[in-house]
Amino acid sequence: MRLTSLAAGIFTLALAGYIGVTTEAPAKGAAQPIPHARANQPAGRQSNQQNAPQQQGPQGPLQVETKVVNVFATVRNKQHGIVTDLNKEDFKITEDGVEQKVEFFAKEINMPITLGMLIDTSASMDRMIDAEHDAASRFLREVMRPKDEAMVITFDFDVDLVADFTQDTSVLASAIRSTRVNSVGGGGVVTPGTFPGGNNSGGTDLYDAIYLACHDELATEAGRKGVIILTDAEDTGSKLRMQDAIEAAQRSDAVIHVLLISDRMATFGTGPGVAHRMAEDTGGRVIDVHNEKSLEKAFDELSEELRSQYVLGYYPTNIKRDGVFRKIQVTVARPDVKVLARKGYYAPFK
């Protein structure tokens with residue numbers, strides 16, 4: 001199943017040299033849009049609004065509403081171990097430099113996880129693709145619980161949705177094992193993709209894949225959302241920019257984790273820098289992968305992290321609905337620890 005509906009629109013916009021700001025996410029495929037139970041709300045609450053004075057207008061009373069902003073945080077010590085004994089009072093959150101009051105706090109996360117597994121199937125992944133089949137399938141079996149969902153997308157010179165959101169890990173495993181490297185040249189067969197290059201030269205559409213996964217698929221999902229990408233992060237064919245991919249993830253409240261598959265001896269290329277920029281801007285991690293053993297370890301680390309997060313919820317003091325990006329900083333009143341959390345969010349727009 002190819003992500004063609006939105007892709008056609010992206011292609012047109014990309015040719016025009018402009019990507020518009022999206023203020024409302026489209027429904028995913030034929031599925032019904034999920035009403036306002038989004039990741040911007042703490043676990044166990046269907047609607048969270050700040051009580052504000054009503055203003056009487058000509059058409060009746062008007063009420064100012066402020067959505068809760070949720071921040072999921074992982075805290076590690078100097079030995080890289082996960083810290084699990086923190087309390088609400090240990091955390092401090094600022095938004096654009098202004099301290100916010102933490103209204104909601106939880107150590108154990110029961111909120112469902114929605115995952116997008118993005119697998120690079122360009123020629124550079126040939127030596128690792130079989131190991132990816134086994135490790136990725138095992139990861140989803142171990143990390144997913146009831147109510148969790150995941151999808152699988154492959155990308156090379158096009159972007160393919162090989163398994164839409166499902167709770168069935170056997171369906172996901174089958175989709176992962178069906179992935180194959182698409183080689184260009186050397187007798188490989190080149191077929192037109194979602195974004196055909198026009199010269200059959202191939203490419204790696206990493207940014208396009210992230211944008212499609214977040215904007216078209218994850219934006220209408222509730223709960224915690226993560227994008228796990230197996231790639232060398234070398235984009236050679238996307239019509240969109242890295243910033244477009246990052247913004248799509250930020251607008252959908254999705255965290256990007258990159259399993260950076262590279263040669264240990266490689267000292268060139270833009271992949272590491274790209275991977276770290278995307279992960280840091282969304283609150284995710286980059287884990288270097290050089291062989292099958294390190295790939296399995298990387299998935300184990302992600303599994304532990306996804307089940308060891310704190311959730312912090314606050315009502316922003318800035319109630320303007322201006323669509324502007326708000327910077328978030330989370331700190332902990334304890335020395336020698338590192339907090340992993342998203343760097344901000346886009347305010348709602350009128």
- Query: If you scan the stretch 304-329, which residues turn out to be open to solvent by 70 Å² or more (accessible area, probe 1.4 Å), modelled with pLDDT under 95 and of a type outside the set (Val, Ile, Thr)?
  - Reply: 304, 320, 321
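Here is a yes/no grid of residues against (1) open to solvent by 60 Å² or more (accessible area, probe 1.4 Å); (2) closer than 25 Å to residue 206 by Cβ; (3) not hydrophobic (A, V, I, L, M, F, W, C):
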residue	(1), (2), (3)
254	no, yes, no
258	no, yes, no
262	no, yes, yes
270	yes, yes, yes
280	yes, yes, yes
284	no, yes, yes
302	no, yes, no
333	yes, no, no
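Return the residue satisfying two criteria in turn: it lies in the stretch 235-263 and is of a type in the set (D, E, K, R) and under 19 Å from residue 122 (Cα atoms), and of such residues it is farthest from the chain's Cα centre (by Cα).
If we take residues in the stretch 235-263 being of a type in the set (D, E, K, R) and under 19 Å from residue 122 (Cα atoms), then 263 is farthest from the chain's Cα centre (by Cα).
Quick grid of which residues meet (1) under 24 Å from residue 146 (Cβ atoms); (2) modelled with pLDDT of 90 or more; (3) within 24 Å of the chain's Cα centre (by Cα):
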site	(1), (2), (3)
39	yes, no, yes
61	no, no, no
109	yes, no, yes
121	no, yes, yes
- Task: Search the stretch 155-167 for residues being closer than 13 Å to residue 208 by Cβ and open to solvent by 10 Å² or more (accessible area, probe 1.4 Å), and hand back the single one that is modelled with the highest pLDDT.
- Result: 160
- Out of the stretch 168-183, which residues are part of a loop (DSSP other than H, G, I, E, B), surrounded by fewer than 21 Cβ atoms within 10 Å (Cβ to Cβ) and not hydrophobic (A, V, I, L, M, F, W, C)? 168, 178, 180, 183
- Query: Among the residues of the stretch 123-134, is there at least one that is in contact (Cβ under 8 Å) with a residue 24 or more places away in the chain and assigned to a strand (DSSP E or B)?
  - Reply: no
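The values are calculated or read from the model by the stated rules, or taken from the named source; none is laboratory data. All values reported here derive from a predicted model rather than from experimental measurement. Every residue, glycine among them, receives a Cβ derived from its backbone with ideal geometry; neighbour counts consider all protein chains shown. Side chains included, ligands, DNA and RNA excluded: accessible areas come from the protein's heavy atoms. Shrake-Rupley method; radii C 1.70, N 1.55, O 1.52, S 1.80 Å.
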